[in-house]
Amino acid sequence: MADNKVFEDFLNELKQKNDLVSVASRYCSLQRKGRYYWARCPFHGEKTPSLCINEYDGFYYCYGCHTGGDVIRWVRNIESLDFMEAVQLLASWANMEVPQIKGKSDSEEIEKRKKQKERLGALTKEAAIYYRNNLKLPEAKVAWDYIKKRQLEPEIVTKFGLGYSLGFNEIVEYLYSKGYTKQEMLDSGVCKEKDGRLYDAEATRLIFPIIDVYGQVIAFCGRTLESDPKFAKYLNTADTPLFNKRKTLYAINYLKKKRQTAQKIEYLILCEGQMDVVSLHKAGFDTAVASMGTALTVEQAKLIKRFADTVYICYDGDKAGQSATLRGLDILAENNLTVKVVTLPEGLDPDDVIKKFGAEGYQKCLDKALPLTEYKIAYIKRQNDLTTADGKAKFLNDSLELVAQMPDQIAQEVYLTLVAKHANMNKDFLRRELDNKIVEWQEKKQKMLEEARALEEQKVVSDTEKLKALAGEYEGATDDNLVAPKEEIKQKVFEKVDPSTDRAEKYLLCAMVHQKPYAFVKSNIRDLFGNNYRDLYDYYYTNRDSATESFALEVHDKFYPSYGNRIIEIINNFAESDDEEFDAQFFKDCLWRLYQKKLEQDQKRINEELTKESDTQKRQELIVELAKVVDKLKSKKVDL
């Protein structure tokens, strides 16, 4: 088994075999200008190319949406994968084997699990084809009757790969004929066992294949066709080595396809059932997905965040559906999603609304969707009888607690007005009570922050540091469960940027990090840089004599945890041309700008000291010092 050094060497080779230009050209059209490639960014909608690729150093940066990184980050972003998933995908393109890292599981066990997943993936794909072909048989009339009742055209049936289970035994016999074992059928979740006999877990149901972001069938959902069912209307495959309902969203594969066509996904619509999703796609709402049940999970919220920042949550219009909606709101908001809640007419689901009112009617429901806080206040109002003293008191208490947690004072004022209007109460009186609630919330939040800091000590920020922290198994590793064995890496707090010098500082550092021949300044010029970049310059100055060709990558890996995208902006500072003489002069101009700023600061300091100094000799010394500074400013030459 490999150690961490072997894995890092593997990553370097992986990046060499998957050069960024070749990988990026899979997804967008690149145009070379000078020594760099430009393209319309696939991560956000734009008409003018603002994404730049540095082929030599293997970095990209978009000046529009400010995303950037190496080839692994590119694949992660565009394919909506976690780190190890992106590594495995790149390895498959390069015909490389991902090495196994020392850990609790030995290599044989890891290889066994890998082969099992491959085998089960082939089985579920075979089952999906079998179910789909069943729709061609006369026995599938009951399924087609339901499909026609739902007003689904054959094209939409084909798009979603809908199928039909003929009965309890047919799929078992079919999979046996294809060489699959009893244990494999059970492990895949396609079949269950009773009294020693296997049977179809989705027997006699309309079949919806569940497909992951890779386009692989991982499970099934069956919709009963009985008019008065004695069992659940929808039945999902049980959790398997391939399928975890907490981490899956139905129709997520279509979002990935949409992202890959460089279409910006403005929002997602989150529904309850598969049929709602199919109906919404049919009506043109092609960003609809469904959870695997009404209770949302953190994993699903994070999956949504990979594709969009805004989510419309749209469950049934009955009270149970609204209650389920409320349970999911906080999970979505806590994962930095903008949440809007769609309220449907009582007793109707999205499919019913489209049938009754058409796509225009459903769009009106989206247009009337309430922001998270407003929906919660409306929900609290519905739960309490405001005509009674107890009901009004409960409404006010719960609503003000909600408003107190809002970080924006303007929003607090707006929602305080709304609460006062609902309760027909004096706003000034409620403001005093709100102030008390805010104090209580701040105390509670401070306690929560202290607890979070204690947990944060075990986390790392960047992919690179996580790799170095891998003491062992990477199988199943995610961004959340990789921990560093060493000290905590904290995100750097940057001071306010000085626009007059920020570009010059970035360009100087870029040229130095890339070891341009004109960028070598013998003297230590640390004092010319502001506090934002002095640590980066210190690292360069200390290591420049021993720097290798991969020094820029080394700098990226070291400073990305604290600098974030700012280090990418510095390393990919594209002021260079194909004319080295021009580049050298530009470097000198930037260096002079920083030197000039320092001289101007010295001039201001000396003048301030002169106004305060009364001692003749000291004043004379200051005047001489001031004259030297003025001469340097007039010369416009860097004197270091």
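The values are calculated or read from the model by the stated rules, or taken from the named source; none is laboratory data. This one's a predicted model, so the numbers in the text were calculated from it and none came from an experiment. Here the Cβ positions follow ideal geometry from the backbone for every residue, glycine too, while neighbour counts run over all protein chains shown. Side chains are part of the model used for accessible areas, which takes the heavy atoms of the whole protein and leaves out ligands, DNA and RNA. Shrake-Rupley method; radii C 1.70, N 1.55, O 1.52, S 1.80 Å.
Go through the residues of the range 138-147 one by one and say whether even a single one is assigned to a loop (DSSP other than H, G, I, E, B), among the β-branched types (Val, Ile, Thr) and open to solvent by less than 80 Å² (accessible area, probe 1.4 Å). No, the conditions are met nowhere in the range 138-147. In the range 253-264, the condition of being in contact (Cβ under 8 Å) with a residue 40 or more places away in the chain, surrounded by 18 or more Cβ atoms within 10 Å (Cβ to Cβ), in contact with a strand residue (DSSP E or B) (Cβ under 9 Å, 6 or more places away or on another chain) and outside any loop (DSSP other than H, G, I, E, B) is met by at least one residue. For Leu280, the conditions (1) modelled with pLDDT of 90 or more; (2) open to solvent by 50 Å² or more (accessible area, probe 1.4 Å) are fulfilled apart from (2). Checking each residue in the range 166-186 for being in a helix (DSSP H, G or I) and surrounded by 12 or more Cβ atoms within 10 Å (Cβ to Cβ) picks out Glu170, Ile171, Val172, Tyr174, Leu175, Tyr176, Lys182, Glu184, Met185, Leu186.
Considering only the range 501-547, how many residues are over 33 Å from the mean Cα position of the chain (by Cα) and open to solvent by less than 10 Å² (accessible area, probe 1.4 Å)? The number of residues fulfilling the criteria is 3.
Here's the yes/no breakdown for (1) under 20 Å from Ala251 (Cβ atoms); (2) open to solvent by less than 20 Å² (accessible area, probe 1.4 Å); (3) over 31 Å from the mean Cα position of the chain (by Cα); (4) of a type in the set (Ser, Thr, Tyr):
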residue: Lys194; (1), (2), (3), (4): no, no, yes, no
residue: Tyr199; (1), (2), (3), (4): no, no, yes, yes
residue: Ile211; (1), (2), (3), (4): yes, no, no, no
residue: Gly215; (1), (2), (3), (4): yes, no, no, no
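Yes/no per residue for (1) in contact with a strand residue (DSSP E or B) (Cβ under 7 Å, 6 or more places away or on another chain); (2) closer than 22 Å to His422 by Cβ:
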{"residue": "Ile331", "(1), (2)": "no, no"}
{"residue": "Asp351", "(1), (2)": "no, no"}
{"residue": "Gly361", "(1), (2)": "no, no"}
{"residue": "Leu372", "(1), (2)": "yes, yes"}
{"residue": "Tyr375", "(1), (2)": "yes, yes"}
{"residue": "Tyr379", "(1), (2)": "no, yes"}
{"residue": "Ser399", "(1), (2)": "no, yes"}
{"residue": "Pro407", "(1), (2)": "no, no"}
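Entry remark, the range 189-224: residues being under 22 Å from Lys117 (Cβ atoms), touching a Gly at 6+ places or on another chain (Cβ under 9 Å) and small (Gly, Ala, Ser) number 2 in total. When the range 296-343 is filtered for residues that are at pLDDT 75 or above, within 21 Å of Ala378 (Cα to Cα) and small (Gly, Ala, Ser), only Ala333 remains. Only one of the listed residues (Leu626, Leu553) is surrounded by 13 or more Cβ atoms within 10 Å (Cβ to Cβ) and modelled with pLDDT of 85 or more. That residue is Leu626. Total residues in the range 124-152 satisfying the condition of being aliphatic (A, V, I, L, M) and under 26 Å from Asp239 (Cβ atoms): the figure is 3. With respect to (1) surrounded by 17 or more Cβ atoms within 10 Å (Cβ to Cβ); (2) closer than 29 Å to Asp583 by Cα; (3) modelled with pLDDT of 80 or more, the lone exception for Tyr36 is condition (3).
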